[in-house]
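To keep things clear, I will list the structure first and then write my remarks on it.
The values are calculated or read from the model by the stated rules, or taken from the named source; none is laboratory data. Just so you know, these numbers come straight off a predicted model, no measurement behind them. Counting neighbours? That spans all protein chains shown, and the Cβs are built from the backbone with ideal geometry, glycine included.
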Amino acid sequence: MISDEIRQKLQNIVRGISLEGTSDRCTTVRSILIESFGASSTVKREFESRSIIKEKQAEFLERYAQKSGIWLESLPSNTEYITRGGESMIYLAADKLNVLKVNDAIYYATWTEYFNSLILHNLLFPNTAYSLLGFIKSDGNLHAVLQQPFIEGEQAKLSDIKDLLSFNGFENTKRQDYYSKEFGLVLEDMHDENVISRQGLLFFIDTVFYIMTV
């Protein structure tokens, strides 16, 4: 069940409010994007029209990353390429305990939406929380470089995924998509490859959230 503290933070994200008392890089980047570009919900029919905003945000984030010391010329040493999963290139980190995900936010109309999704994931699924290492350019496009715990286990059963999400207020709307009426959140593509089961626990390793209301 979602705690009152997490519930308040979720509501603040949905309303486009900066989160206070939180200093991780994902939250910091979201805050500066909101301050500079404002906050908005997801309107999928406007995806193309928001591409100009996304380009401006990419330029802004590149300058910010260079100024803040989180601009990466290359990935950390001794990383090992694993696969491409959805929107990310995935690498095993040198410590073998984490994976690195290199993501260009292609599923999102703006970088603000992307960082909203990351923070929503971290609040709801802290056992697979993302941390932002920095930004890098690949093929001329800006990418975020994220670190996430490396989880080994079995693919989760769809019924178990549905039960856990339903317990937390997410209704199964179609196929593997879910919706939280309380928060106006869409959680897409929760198939068994995106959730790992280990010792009776579920680990959500790849999520895509959209805020459909403000």
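Considering only residues that are assigned to a helix (DSSP H, G or I), of a type outside the set (D, E, K, R) and touching a strand residue (DSSP E or B) at 6+ places or on another chain (Cβ under 9 Å), which ones fall in region 159-175?
At the first step, the residues of region 159-175 found to be assigned to a helix (DSSP H, G or I) are 159-167.
In the following step, the residues that additionally are of a type outside the set (D, E, K, R) were identified as 159, 161, 164-167.
Scanning region 159-175 gives 161, 164, 165, 166.
Evaluate the following for residue 183: is it in contact (Cβ under 8 Å) with a residue 60 or more places away in the chain and either assigned by TED's automatic domain parsing to the domain that holds residue 92 or buried (at least 16 other Cβ atoms within 10 Å of the Cβ) (or both)?
Values: in contact (Cβ under 8 Å) with a residue 60 or more places away in the chain: yes; either assigned by TED's automatic domain parsing to the domain that holds residue 92 or buried (at least 16 other Cβ atoms within 10 Å of the Cβ) (or both): yes.
The answer is yes for residue 183.
Scanning region 74-116 for residues that are among the β-branched types (Val, Ile, Thr) and crowded, with 16+ Cβ neighbours inside 10 Å, which turns out farthest from the chain's Cα centre (by Cα)? Steps first, please.
Going residue by residue through region 74-116, those that are among the β-branched types (Val, Ile, Thr) are 79, 82-83, 90, 99, 102, 106, 110, 112.
Applying the additional criterion that residues be crowded, with 16+ Cβ neighbours inside 10 Å yields 79, 90, 99, 102, 110, 112.
Values: 79: 21, 90: 14, 99: 14, 102: 12, 110: 13, 112: 11 Å.
Result: 79.
Could you identify the single residue in 136, 161 that is of a type in the set (Val, Ile, Thr), in contact (Cβ under 8 Å) with a residue 12 or more places away in the chain and not assigned by TED's automatic domain parsing to the domain that holds residue 24? Talk me through it step by step, then tell me what you get.
Numbers: 136 fails: not assigned by TED's automatic domain parsing to the domain that holds residue 24.
Criteria check complete, one pass: 161.
Please determine, by comparing only the residues of region 31-51 that are modelled with pLDDT of 90 or more and farther than 18 Å from residue 212 by Cβ, which one is surrounded by the fewest Cβ atoms within 10 Å (Cβ to Cβ).
Step one: list which residues in region 31-51 are modelled with pLDDT of 90 or more, which gives 31-37.
Restricting the remaining residues to those that are farther than 18 Å from residue 212 by Cβ gives 31-33, 35-37.
On the way: 31: 16, 32: 16, 33: 22, 35: 10, 36: 13, 37: 16.
Among those that are modelled with pLDDT of 90 or more and farther than 18 Å from residue 212 by Cβ, it is 35.
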